[in-house]
Amino acid sequence: NQPKNHILVIFGASGDLTYRKLVPAVFDLYNQNLLPDKFAILGLGRTDLSDVDFRAKMKAGIQQFALNKPDDENKLNNYLEKLHYFSFDTKDPDEYCLLKGKLRELDEACGTDNNFIYYMATPPNMYEIIPEQLAKQALSDESAGFKRLIVEKPFGYDLETAQKLNKELLKYFNEEQIYRIDHYLGKETVQNLLVTRFSNGIFEPLWNRNYIHHVEITGAENIGVGNRGGYYEGSGALRDMIQNHLLLLVGLVAMEPPTLIDSTNIRNEIAKVFHSLRPIKEEEVAKYAIRGQYTASHIKGEAVKGYREEQGVAADSRTETFAAIKLFIDNWRWAGVPFYIRSGKMLPTRVTEIVIHFKSTPHHLFANDASICNNYNQLVIRIQPDEGVLLKFGMKVPGAGFKVQNVNMDFHYSDLSDTYLPSAYERLLLDCMLGDSTLYHRGDAVEAAWKFVDPILKAWKNDKNIPVHGYPAGTWGPEVSDELIEENDITWRYPC
Ligand code: BG6
């Protein structure tokens with residue numbers, strides 16, 4: 001199944017995303033012969049660059065970030081020949097007419113049949129201008145060739161702005177043309193959640209409130225905000241990681257089996273989960289959500305800056321770099337089962353994992369099994385790194401008596417030595433080229449996710465009595481986040 005001939009038009013082509021992710025990912029597709037015969041990339045940006053300059057810059061990006069290292073110089077040069085650049089001021093409506101001319105010229109030269117994918121890799125304040133101006137030039141018109149629009153995150157800033165953005169986009173493109181990207185959906189291990197759940201007879205019968213005690217989802221990073229302080233100040237962990245990536249994982253863990261593995265059915269089920277999230281009222285936020293901010297510390301003997309000392313961050317910033325939430329899904333399958341989710345920067349390690357904690361046996365027969373009963377029978381789904389699945393269960397300690405200990409049944413993707421794990425952008429770009437939106441968010445689901453986080457955002461903004469807890473960089477966030485998991489013997493898992 002090969003995509004149709006087309007041009008990938010990247011708005012914001014002089015930025016980091018294009019350099020580190022997009023152009024290297026398309027190179028990976030090219031390297032596996034997954035691109036159509038006739039294909040071009042048109043980079044658009046305000047920086048004045050010639051095609052030659054753009055290609056030289058992208059070559060460096062490919063060498064550093066492509067998964068398939070370009071060892072064949074000819075092949076790399078053939079790919080670079082497909083890259084073109086056009087200096088363009090996105091904000092200026094008059095320039096879209098020039099863009100139309102450029103696209104017509106390139107389309108004729110390359111034989112790409114008037115099929116265009118527009119990728120908005122610009123700051124989000126451009127998201128309303130670009131679709132409108134494209135439409136004004138009839139560049140969203142599909143009467144001759146497809147026109148698809150990829151929208152990068154952040155999709156809105158809160159519920160109101162997300163609704164407004166959806167409305168605006170739908171004035172100029174229809175829902176089938178819009179691809180709202182969340183790179184977590186492009187991760188192989190995230191997609192594998194569907195396979196783990198729905199292709200194994202042993203898990204699904206237990207996958208409900210009768211057998212599951214609680215679910216824990218962690219998205220931990222061991223880096224700070226780096227040079228993204230300016231962006232992050234207006235975002236914070238809740239907007240940056242939880243509203244999109246972590247809630248998506250909640251959706252995939254909690255969804256009902258779709259009737260078919262296709263865009264409509266999968267996206268319907270995810271949206272249903274988001275609609276079933278129990279709203280947290282503004283006045284209850286302190287009980288269900290914790291926020292924190294990393295402070296200066298020493299990691300392995302080296303001094304590390306606190307968030308407030310980072311470039312572009314206010315000295316009295318209250319932006320959270322850590323957030324933990326306890327949530328419930330009010331439906332038949334999950335009634336009463338708490339989901340604990342947390343994400344933070346400058347934690348001890350980089351790990352994203354989902355832990356399904358099964359209920360213990362109703363009666364404890366063995367001497368010490370009560371003391372560890374809450375720690376065994378966990379299914380750990382490791383999204384990254386060291387991708388894999390781990391099942392923990394109790395076994396007899398050899399020797400006298402009946403002592404129980406925890407053991408692991410462990411699968412690592414790395415054990416499949418010849419397996420190539422495509423990058424998230426590679427997978428998602430290919431899907432868009434094929435016209436498959438299964439792994440892209442639908443507008444209603446994005447709004448439902450915002451609806452859930454909105455009261456938390458509001459309470460954190462308005463209620464100065466809700467503390468922003470400091471936590472030393474390199475630790476697992478504020479200690480009070482343990483209090484979210486109230487019951488005895490239950491704690492967060494601290495993966496190393
Ligand atoms: C991005 C966030 O969406 O996801 C970043 O803006 C974060 O702040 C990144 O670092 C994490 O992605 P991954 O794939 O490294 O888990």
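Can you tell me which residue within segment 389-407, out of those that are of a type outside the set (A, V, I, L, M, F, W, C) and surrounded by fewer than 18 Cβ atoms within 10 Å (Cβ to Cβ), is nearest to residue 214 (Cα to Cα)?
Residues of segment 389-407 of a type outside the set (A, V, I, L, M, F, W, C): 392, 394, 396, 398-399, 401, 403, 405-406.
Those left that are additionally surrounded by fewer than 18 Cβ atoms within 10 Å (Cβ to Cβ): 396, 398-399, 401, 403, 405-406.
Values: 396: 25, 398: 31, 399: 33, 401: 31, 403: 26, 405: 21, 406: 19 Å.
Step by step, filter segment 389-407, then rank; the result is 406.
So that you can scan it fast, the table gives a plain yes or no per residue for (1) under 16 Å from residue 430 (Cα atoms); (2) touching a Lys or Arg at 6+ places or on another chain (Cβ under 9 Å); (3) of a type outside the set (S, T, N, Q):
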site: 2; (1), (2), (3): yes, no, no
site: 5; (1), (2), (3): yes, yes, no
site: 17; (1), (2), (3): no, no, yes
site: 29; (1), (2), (3): yes, no, yes
site: 34; (1), (2), (3): yes, no, yes
site: 59; (1), (2), (3): no, no, yes
site: 75; (1), (2), (3): no, no, yes
site: 84; (1), (2), (3): no, yes, yes
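Is it true that residue 454 is without any contact (Cβ under 8 Å) to a residue 40 or more places away in the chain and under 30 Å from residue 266 (Cα atoms)? Explain how you work it out, then say what you get.
Numbers: without any contact (Cβ under 8 Å) to a residue 40 or more places away in the chain: no; under 30 Å from residue 266 (Cα atoms): yes.
Spelling it out, it is not the case that residue 454 is without any contact (Cβ under 8 Å) to a residue 40 or more places away in the chain and under 30 Å from residue 266 (Cα atoms).
Pairs only if they're at least six apart or on different chains, beta carbon under 9 angstrom, first in segment 465-492 and over 12 Å from residue 322 (Cβ atoms), second of a type in the set (Val, Ile, Thr) and open to solvent by 70 Å² or more (accessible area, probe 1.4 Å); list them, first residue then second.
Between residues of segment 465-492 that are over 12 Å from residue 322 (Cβ atoms) and residues that are of a type in the set (Val, Ile, Thr) and open to solvent by 70 Å² or more (accessible area, probe 1.4 Å), the close pairs are 482/491; 485/491.
So is residue 24 touching a residue at least 12 places away in the same chain (Cβ under 8 Å) and more than 22 Å from the chain's Cα centre (by Cα) or not? It would help to see each step written out before you state the result.
On the way: touching a residue at least 12 places away in the same chain (Cβ under 8 Å): yes; more than 22 Å from the chain's Cα centre (by Cα): no.
No: the conditions fail for residue 24.
Which members of segment 160-172 meet the condition of being touching a Phe, Trp or Tyr at 6+ places or on another chain (Cβ under 8 Å) and within 20 Å of residue 231 (Cβ to Cβ)?
Hits for segment 160-172 are 162, 165.
Report every pair of residues separated by at least 6 positions or lying on different chains whose Cβ atoms are under 8 Å apart, first residue within segment 202-228 and under 24 Å from residue 484 (Cα atoms), second open to solvent by 40 Å² or more (accessible area, probe 1.4 Å) and within 16 Å of the ligand (Cβ to nearest atom).
Qualifying pairs under 8 Å: 220/348; 220/350; 221/350; 222/348; 222/350.
Give the residue that is farthest from the chain's Cα centre (by Cα), with candidates limited to residues of segment 44-61 that are under 20 Å from residue 150 (Cβ atoms) and part of a helix (DSSP H, G or I).
Filtering first and then ranking leaves 54.
If I go through segment 219-277 residue by residue, how many of them are farther than 20 Å from residue 380 by Cβ, more than 16 Å from the ligand (Cβ to nearest atom) and not hydroxyl-bearing (Ser, Thr, Tyr)?
18
One line per residue, one yes/no per condition, for (1) open to solvent by less than 10 Å² (accessible area, probe 1.4 Å); (2) in a strand (DSSP E or B):
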| residue | (1), (2) |
| --- | --- |
| 14 | no, no |
| 22 | yes, no |
| 27 | yes, no |
| 42 | yes, yes |
| 64 | no, no |
| 67 | no, no |
| 79 | yes, no |
| 91 | no, no |
| 98 | no, no |
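For segment 130-183, enumerate the residues that are away from the ligand (no atom under 16 Å from the Cβ), hydrophobic (A, V, I, L, M, F, W, C) and at pLDDT below 95.
Across segment 130-183, the qualifying residue is only 144.
Sort out which residues of segment 166-214 are under 15 Å from residue 440 (Cβ atoms) and among the β-branched types (Val, Ile, Thr), and write them in order of number.
178, 181, 190 - these are the residues of segment 166-214 that are under 15 Å from residue 440 (Cβ atoms) and among the β-branched types (Val, Ile, Thr).
What's the number of the only condition in (1) open to solvent by less than 30 Å² (accessible area, probe 1.4 Å); (2) in contact with a His (Cβ under 9 Å, 6 or more places away or on another chain); (3) not in a loop (DSSP other than H, G, I, E, B) that residue 103 fails to meet?
(2)
Is it the case that segment 419-429 has a residue that's modelled with pLDDT under 90 and part of a helix (DSSP H, G or I)?
Scanning segment 419-429, I find no residue that is modelled with pLDDT under 90 and part of a helix (DSSP H, G or I), so the answer is no.
The values are calculated or read from the model by the stated rules, or taken from the named source; none is laboratory data. Treat the numbers as computed from the prediction; the structure is a model and nothing was measured. Backbone-built Cβ (ideal geometry, glycine too); neighbour counts: all protein chains shown. Please note that ligands, DNA and RNA were not included when accessible areas were found on the heavy atoms of the full protein model with its side chains. Shrake-Rupley method; radii C 1.70, N 1.55, O 1.52, S 1.80 Å.
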